[in-house]
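To keep things clear, I will list the structure first and then write my remarks on it.
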Amino acid sequence: MKILVPVKRVIDFNVKVRVKPDQSGVDLANVKMAMNPFCEIAVEEAVRLKEAGIASEVIVVSIGPAAVQEQLRTALALGADRAIHLQTEQSLDSLPIAKLLAKVVAEEQPQLVILGKQAIDSDNNQTGQMLAALTGMGQGTFASKVVVNDGKVQVTREIDGGLQTVELTLPAVVSTDLRLNEPRYASLPNIMKAKKKPLETKQAADYGVTLTSNVTTLKVAAPPVRKAGVKVESVAQLVDKLKHEAKVI
Amino acid sequence: MAILLIADHDNKQLKAETGKVLTAAQAIGSDIHILVAGLQCRSVAEQAAQLSGVTRVLLADDTVYQHQLAENIAALVTELAKNNEYSHILTAATTTGKNFLPRVAALLDVAQISDIIAVESPDTFVRPVYAGNAIATVQSTDAVKVITVRASAFAAVATGNTATVETVTISKDSGVSRFISEELTKSERPELTAARVVISGGRGLQNGENFKLLEGIADKLNAAIGASRAAVDAGFVPNDMQVGQTGKIVAPELYIAVGISGAIQHLAGMKDSKVIVAINKDPEAPVFQVADYGLVADLFTALPELEALL
């Protein structure tokens, strides 16, 4: 079976985010970019399913400007077989992304779509659920365990208060949570090999999908800064301050 | 037009988050309907009817909604919204709400606005992005605004209302998903997102066994116990204890961070707490930059001492 893994290029998780002085957004000039951490987990899971003999092909897809090819190459180096780049210079919201991915699903007919539960830039946590809705597929979000068996997938999900396991009929959408796996690092030979793997570029605008959104960002501001308080000398002093100054215990 | 709010519950108890989302709904408009979808959950509907400001409670009591499967709940909500009766559809940004609501948005062909922390006007909302390192103000011209609400950013409404409970007989089963099992962490302590006091441990605790050091203190303060992502990644404790961008967002009266360095992703989950205490042996730990009270000490001596003094 084929697995489709959509991935997103985002600001590297180690980079300290700075808001632009004109509040038009976050400063991305000369900032290190990387594959979204949850997407790395998705690639890893798909590659493991291939290594286990369950998947026959892992296809990665990313939507954005030419630069996203860097993350597609990373995914290929991690073990994906081929890549699809939907080129657009527009910054897209989750719904148009999900609509484009639904078109790719229609073309490629994967049995499983595995993707990150959220991107660490927009923090939306929407794309997988929207894709599942648009394609009529079942969804296993926030997965910490994925077991494919006999036309079904059992997904153990991280929920508030514990874990929930659901069974989905394939094809299905799975979104990854942190504990699903620990992604590998790409080895140098695999990085070299990835350069020769197929990467096809298509134009997002050719899919007949409305790429605009009805949501406009009016401004992006820095969060209110929390001031550092005082250092206390002892546990006794701490308890005293909490009782008599902060009055919280 | 009315606002539809989907309740969070476990078929017995209405979750505190719903009363907080209601505050956000009241900042948008005044005709607010609450949907309680589940199985044998009439008592939840009756609890919802008591929340101040609710005009109608819709009760969808059916086996297909027992486990809040996203496919079925989304189909129900979409059906309720199809006659354009609702200008806004809201729910809490819990793992339940985050699961089904984007599905609703896609089925209605509108955007979802995730995790709002303030309502500026009926079409303009404030939400954190980049793990709370930036705060975006967004405006929507969609006919229906589909929104998840960060409950910890809003106070709960009062109770004492007596809204009518109406039964909805729409049964939607997608047939593509099935509940298998659930393993809930059993705890006598309050839930992380609802607790007045939270005490969290990080990698400094060194192993899962040492989280016991937090328990005595948590008992005395009636606190919930949380953890940093580092402690979860290291396998000390389960992920449902994680506080941070990728875990739970909390805003208690008192947050005590023990052996937590204060990575950005952790701070994103707790920096709206009223009072923050940090205990760490490294005086340079970034957590001290947000702590109201910092104690530079070895946690293995400080924690027993703290427990004794409470």
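Run the helix sum for the protein assembly as shown: -39,500 (n - 2.57) per DSSP H stretch of 4+ residues, divided by residue count, reported at 222 nm to the nearest 500 deg cm²/dmol. Display every interim value, and only then the final one.
Details: 14 runs with 142 residues, N = 559.
Computed mean residue ellipticity for the protein assembly as shown: -7500 deg cm²/dmol.
Looking at chain B, how many pairs of lysines come closer than 14 Å at the Cα, when each pair is eight or more places apart or spans two chains?
Numbers: B:82/B:145; B:98/B:248; B:212/B:220; B:248/B:271.
Lysine pairs meeting both conditions in chain B amount to 4.
About the Cα centre of the stretch B:22-147, what is the dipole size in debye to 20, counting +1 per Lys and Arg Cβ and -1 per Asp and Glu Cβ, all else neutral? Kindly include the intermediate steps, with their values, before the conclusion.
Numbers: 7 positive and 12 negative charges, 39 e Å.
For the stretch B:22-147, the charge dipole is close to 180 debye.
Among all the lysines, which ones have a C-alpha under 24 Å from residue A:197's C-alpha, if same-chain residues fewer than 8 places away are not counted?
Cα-Cα hits under 24 Å: A:2, A:8, A:50, A:103.
GNM on chain A, C-alpha springs below 10 Å: top fluctuator among A:161, A:140, A:151?
A:161
Pick from B:159, B:141, B:246: which residue has the top mean-square fluctuation in a GNM of chain B where Cα pairs under 10 Å get a spring?
B:141
Is there a quick way to get the dipole size of the protein assembly as shown? I mean about its Cα centre, with the Cβ of Lys and Arg at +1 and of Asp and Glu at -1; what is the value in debye to the nearest 20?
Numbers: 55 positive and 61 negative charges, 192 e Å.
Roughly 920 debye for the protein assembly as shown.
Hey, could you pull the Cα Rg and Dmax for the protein assembly as shown, both in Å?
Computed over the Cα atoms of the protein assembly as shown, radius of gyration and Dmax are 23.3, 69 Å.
At a threshold of 8 angstrom on Cα-Cα distance, excluding pairs fewer than six apart, so keeping six or more, what relative contact order does the stretch B:142-236 reach in percent?
On the way: 65 pairs, mean separation 24.9, N = 95.
Relative contact order, the stretch B:142-236: 26 percent.
Which is farthest toward the positive dipole end of the stretch B:144-188 among B:170, B:154, B:184, measuring Cα position about the Cα centre, with Cβ charges +1 (Lys, Arg) and -1 (Asp, Glu)?
Positive-end residue among those listed: B:154.
For chain B, what's the relative contact order in percent, using C-alpha pairs closer than 8 Å and at least 6 residues apart? Spell out each step's value before the answer.
Numbers: 699 pairs, mean separation 45.7, N = 310.
Relative contact order, chain B: 15 percent.
Take the alpha carbon atoms of the stretch A:206-237, find their center, do the same for the stretch A:121-197, and report the distance between the two centers in whole angstrom.
Using only Cα atoms to place each centre, the spacing works out to 27 Å.
Which whole-number percentage describes the relative contact order of the stretch B:91-181, with Cα contacts under 8 Å and a sequence gap of 6 or more? All intermediate terms of the calculation are to be shown ahead of the outcome.
Details: 102 pairs, mean separation 25.8, N = 91.
For the stretch B:91-181, the relative contact order is 28 percent.
Quote the charge dipole size of chain B about the Cα centre in Debye, to the nearest 20; the model charges only the Cβ of Lys and Arg (+1) and of Asp and Glu (-1).
Details: 24 positive and 34 negative charges, 28 e Å.
Charge dipole of chain B: 140 debye, to the nearest 20.
In whole angstrom, note down how far apart the Cα centers of the stretch A:62-107 and the stretch B:178-242 are.
Here the answer is 37 Å between Cα centres.
Mind ranking A:110-120, A:194-204 by how tightly packed they are, going by the mean number of other C-beta atoms within 10 angstrom, highest first?
Working: A:110-120: 26.0, A:194-204: 14.0.
In decreasing order of mean packing, A:110-120, A:194-204 become A:110-120, A:194-204.
Only the coordinates and a few stated rules stand behind these numbers; no lab work does. Being a predicted model, the structure only gives us computed values, none of them experimental. We place every Cβ from the backbone using ideal geometry, glycine too, and count neighbours over all the protein chains shown.
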